[in-house]
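Colleague: Take this structure, written in structure tokens, and hold onto it; I'll ask about it next.
The values are calculated or read from the model by the stated rules, or taken from the named source; none is laboratory data. The structure displayed is predicted, hence computed values, not measured ones. Because the Cβ atoms are built from the backbone with ideal geometry, glycine has one as well, and the counts that use them run over all protein chains shown. To get the accessible areas, we keep the full protein, side chains included, count just its heavy atoms, and leave off ligands, DNA and RNA. Shrake-Rupley method; radii C 1.70, N 1.55, O 1.52, S 1.80 Å.
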Amino acid sequence: MRNYGITSLCGWLLISCSWFCLWVLSYYFIMEPELAILLFPFALRLGTILHTPKRYWLAVYGAEWWLMVSLAILLDQPQWLSVIAASLISVPIIWFAQKYYYGSQWRRLCVMGVVIFSTALLNVLVFSSQMLSLQMQGAQNAALITAPLYSLWMVFLVSVTGGLMLVPSCYLIWSYLFQKSWIPLTVNLVSKPIELRSRHVVIYVVLFALSIAAQVGLPEELRRFAPFCLAIPIILLAFRYGWQGALLGTLLNSVALIAARSGVSNMEITDLLLSLSAQSLTGILLGMGIQRQRELNQKLRHELNRNHNLSRQLVKAEESVRRDIARELHDEIGQNITAIRTQASILKRVENTPMGESCASTIESLSLNIYDTTKGLLTQLRPKTLDDLGLEEAIHQLVRELECEANGISTTIIWNEPTDVDLDLSDATSVTLYRICQEALNNMVKYAQATEARITVTFEQDVYLTVKDNGVGFKPEETLRGFGLRGMKERVQALGGEFTLSSDSGTQQPGTALHVVLPNL
């Protein structure tokens, strides 16, 4: 109970000071005390109540009621019962809206919009009732309600303008204070240097100065177009910071308008209020659209990264299975074939009949064929030279196995490996680079009719592989028609890399160039 009393008292004092300061600013802008309450003070109460537990509502409403009564007595305005009644009648609307005020930003902003326009219509209803009662009292009071500042349109416009500017601002403050995860104050945090984001502050100051200059410095004949210039900082801030930036730009513009447009006519005040309302609503909607687009892009990037990670895991799992199968084939089938050949040799020495020797020779020949076939399968499943010699020597061995020199292809291998960093390629990256070189050299020997080839491997933050030849090339419509290079492209993309294949077929300097960029997983 003690904590509740202290919190309520502090909240009452804070709301009272803020409410009165905003009323002074509103009165300075509108020059009508009763309408000034509907501009910023009512909006402050709406934004505060919407984010305040119900047990503290009495402190917030109490601060507003005692200030309105005090101002009515001080200014001798007994008709202020209408604004007090509007404040009382708004309680059910906020009570009902708070039940649905949860979830995402978009849901909360929609609830804010409903509350702002509902209370604005409620204010119009209360003031129309007051006008009706004044008409019944006499012609003198009836003349009062025909004044422009007491028109129902002005009541609605003032209520909506203040609500659009301050209610989302209250949400931002509440979200920053109570929804943000604060880092506890520890030794590591104290020792961490403070980072001042001066660029953001400079942007705010420059935009604010430009807003003031646009309101004050324009010639008199262009003064009515000055509010439209204020849309520029709102668009810039909305594009950079979303709807929060658009709201900040609107607040800066409102300060500029209030500072530069005191003592103007009623028509100009209406134009300014319309400009602020349109800018606030347009800026928030524009910022919401931009922020929504960024969230969708971020979600899409997250899904793409997730798919890449899954694809990498699949590639790693595939290589792991290939390695296990190759090991099992080598250990089991290799030993069995050796045993079969030994038994066939024994049978040839023991069996003296021609039929027995023929069967033993056939068994030995078949076992050799099985051994050769198994050896080829092992190479396809898992290149043994890659495990024994490493990637660089495996590529050199691959050039020798494919007999590039014997086929008239002079092959140059350029290996750009950093000297100051220990190279530690992942298994998936090494196997992929090896198989791409294998497929490219195999196609070069079979189809390219090339005389020169160059393989360049560069290790930086990513791994770069380039295979070039001076062969006959191929037609663009035949690109990746075969299963070999198409499979390599899919494998590179699965690992999050880039695969580019180009050819200059039919030109004076034909040839094929294959470029691959792989992340070092």
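Colleague: What fraction of the Cα pairs in region 1-130, stated in percent, has a spacing above 17 angstrom?
Modeller: Everything past 17 Å amounts to 59 percent.
Colleague: Measure out, as a whole number of angstrom, how far apart the alpha-carbon centroids of region 368-406 and region 5-34 sit.
Modeller: One Cα centre to the other: 83 Å.
Colleague: Tell me which lysines have Cα within less than 27 Å of K384's Cα, excluding those fewer than 8 residues away on the same chain?
Modeller: List returned: K316, K375, K446, K468, K489.
Colleague: How would you rank 37-48, 440-451, highest first, on the average number of other Cβ atoms within 10 Å across their residues?
Modeller: 37-48, 440-451
Colleague: Also: Round to the nearest 0.05 the FRET efficiency obtained for N297 and W153 when R0 = 30 Å and r is the Cβ-Cβ distance.
Modeller: The pair N297/W153 has a calculated efficiency of 0.15.
Colleague: Would you please put 369-377, 247-255 in order of how densely packed they are, using the mean number of other Cβ atoms within 10 angstrom per residue and starting with the highest?
Modeller: 247-255, 369-377
Colleague: Given the Cα-Cα distance of C21 and T458 and 0.36 nm per residue of separation, how much length would full extension add, in nm?
Modeller: Length gained, C21 through T458: 150.7 nm.
Colleague: Could you work out the local net charge near L329, counting Lys and Arg as +1, Asp and Glu as -1, over the other residues with Cβ closer than 12 Å to its Cβ?
Modeller: +2
Colleague: Considering only protein heavy atoms and a probe of 1.4 Å, how much of the accessible area of region 1-102 is carbon and sulfur, as a whole percent?
Modeller: On region 1-102, the fraction of accessible area on carbon and sulfur atoms equals 76 percent.
Colleague: Also, I was wondering about something else. Using a probe radius of 1.4 Å on heavy atoms only, what accessible surface per residue do you get for region 366-439? Whole Å² is fine.
Modeller: Result: 55 Å² per residue.
Colleague: Let me ask you something else. At 1.4 Å probe size, with the rest of the protein present, what percent of the exposed accessible area of region 336-454 is carbon and sulfur atoms?
Modeller: Ligands and nucleic acids excluded, carbon and sulfur give 50 percent.
Colleague: Using 0.36 nm per residue, how much length does the chain from C359 to E393 gain when fully extended, once their Cα-Cα distance is taken away?
Modeller: The span from C359 to E393 would gain 8.0 nm if fully extended.
Colleague: Also, I was wondering about something else. Any chance you could list P(r) for region 347-458, counting all Cα-Cα pairs in 5 angstrom bins from zero, rounded to whole %?
Modeller: Cα pair-distance distribution for region 347-458, in percent: 2, 9, 16, 16, 13, 11, 8, 6, 6, 6, 4, 2, 1, 0.
Colleague: A406 versus L177, label points 7 Å from Cα toward the beta carbon: distance in nm?
Modeller: 8.4
Colleague: In addition: If N is the number of residues in region 1-78, what value comes out of its Cα radius of gyration divided by 2.2 N^0.38 Å?
Modeller: It is 1.14.
Colleague: Once R0 is set to 56 Å, what does the formula 1/(1 + (r/R0)^6) return for the Cβ-Cβ distance between I6 and D271, expressed as a FRET efficiency to the nearest 0.05?
Modeller: The formula returns an efficiency of 0.75 here.
Colleague: Explain nothing, just compute: Karplus ³J(HN,Hα) = 6.51 cos²θ - 1.76 cosθ + 1.60, θ = phi - 60°, for every residue of region 109-126 in order, whole Hz, x for Gly and Pro.
Modeller: 5, 5, 4, 4, x, 5, 5, 4, 6, 5, 5, 5, 5, 5, 4, 4, 5, 5
Colleague: I'm checking a number: the convex hull volume of the Cα atoms of region 230-377, normalised per residue, in Å³. What is it?
Modeller: Looking at region 230-377, the number lands at 102 Å³ per residue.
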